[in-house]
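Chemist: What follows is a structure written as structure tokens; I'll ask about it next.
The values are calculated or read from the model by the stated rules, or taken from the named source; none is laboratory data. Because the structure is predicted, anything quoted here is derived from the model rather than measured. Here the Cβ is made from the backbone with ideal geometry for all residues, glycine too, and neighbour counts use every protein chain on show. Ligands, DNA and RNA are stripped out before the accessible areas are found, and what is left, the full protein with its side chains, is counted by its heavy atoms. Shrake-Rupley method; radii C 1.70, N 1.55, O 1.52, S 1.80 Å.
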Amino acid sequence: AAMKRDGDALPHYQKAAEFGPGSKEGIIAGLKLKKLGQKFAPGKVFKDCDTCPEMVIVPAGSFMMGSTEAERKWAAYETGLTGEVREMAKLHLDKRETPNRRVTLNDAFAIGRYEVTVGQWNECVAAAKCKKLKHERDVLGKLIRHADDVAVHNVSWKSAKSYLKWLSKRTGHRYRLPSEAEWEYMARAGTSTPFYFGQSIDSSQANIRDPDPLKNH
């Protein structure tokens, strides 16, 4: 909401700074522009309240969205699928992540820097605006008690929307789920490789069976 308000005023600041650079209005406009630039600079981290999710400013830009042919081939191998099941998986991925195309995001936006935590979610529960998280048990049936700083998981889309609605009302700023394009743009972080950290993944980066699943594919 703050970005929207300042965005509406931006053309007026720019005109004042351009046509009256030595005037009182021009000087004030110049200072406003400088302040806005610092406030919404890419990489800027902020929170709307002490216990709110930490947000980061993502710059406008463009990227190639979707999977390449090499990535689609790898996807069918990553879970050890074989035969007809593998071909079905490839077709499903083709439909879901093709064509590989350029997408442009014209405006900067803010996105959560980390996952929403159990502690943050429970504040919404305490306000009677979110559903209480379901208890989980380990393989021995023992109840798992998640710490407040653990990421929330197994939450439905509808429940996530309830949290965002509560957070928006609490802060006075509009929170929403990112679009598919926004999320992938942010996750790729300017990279074009199958993984944001490079061409392949190994057991030092994730708990996986194959130390190099992209090898030979």
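Chemist: If Arg176 satisfies every condition in (1) assigned to a loop (DSSP other than H, G, I, E, B); (2) more than 15 Å from the chain's Cα centre (by Cα); (3) among the charged types (D, E, K, R); (4) at pLDDT 95 or above but one, which is the exception?
Modeler: (2)
Chemist: Is it the case that Ala147 is in a loop (DSSP other than H, G, I, E, B) and either over 18 Å from Asp50 (Cα atoms) or open to solvent by less than 90 Å² (accessible area, probe 1.4 Å) (or both)?
Modeler: On the way: in a loop (DSSP other than H, G, I, E, B): yes; either over 18 Å from Asp50 (Cα atoms) or open to solvent by less than 90 Å² (accessible area, probe 1.4 Å) (or both): yes.
Answer is yes for this residue.
Chemist: Let me ask another. Has the range 75-94 got at least one residue that is part of a strand (DSSP E or B) and either open to solvent by 50 Å² or more (accessible area, probe 1.4 Å) or modelled with pLDDT of 75 or more (or both)?
Modeler: Scanning the range 75-94, I find no residue that is part of a strand (DSSP E or B) and either open to solvent by 50 Å² or more (accessible area, probe 1.4 Å) or modelled with pLDDT of 75 or more (or both), so the answer is no.
Chemist: For residues in the range 150-170 being loosely packed, with under 11 Cβ neighbours inside 10 Å and not in a helix (DSSP H, G or I), which is modelled with the lowest pLDDT?
Modeler: Here the residue is Asn154.
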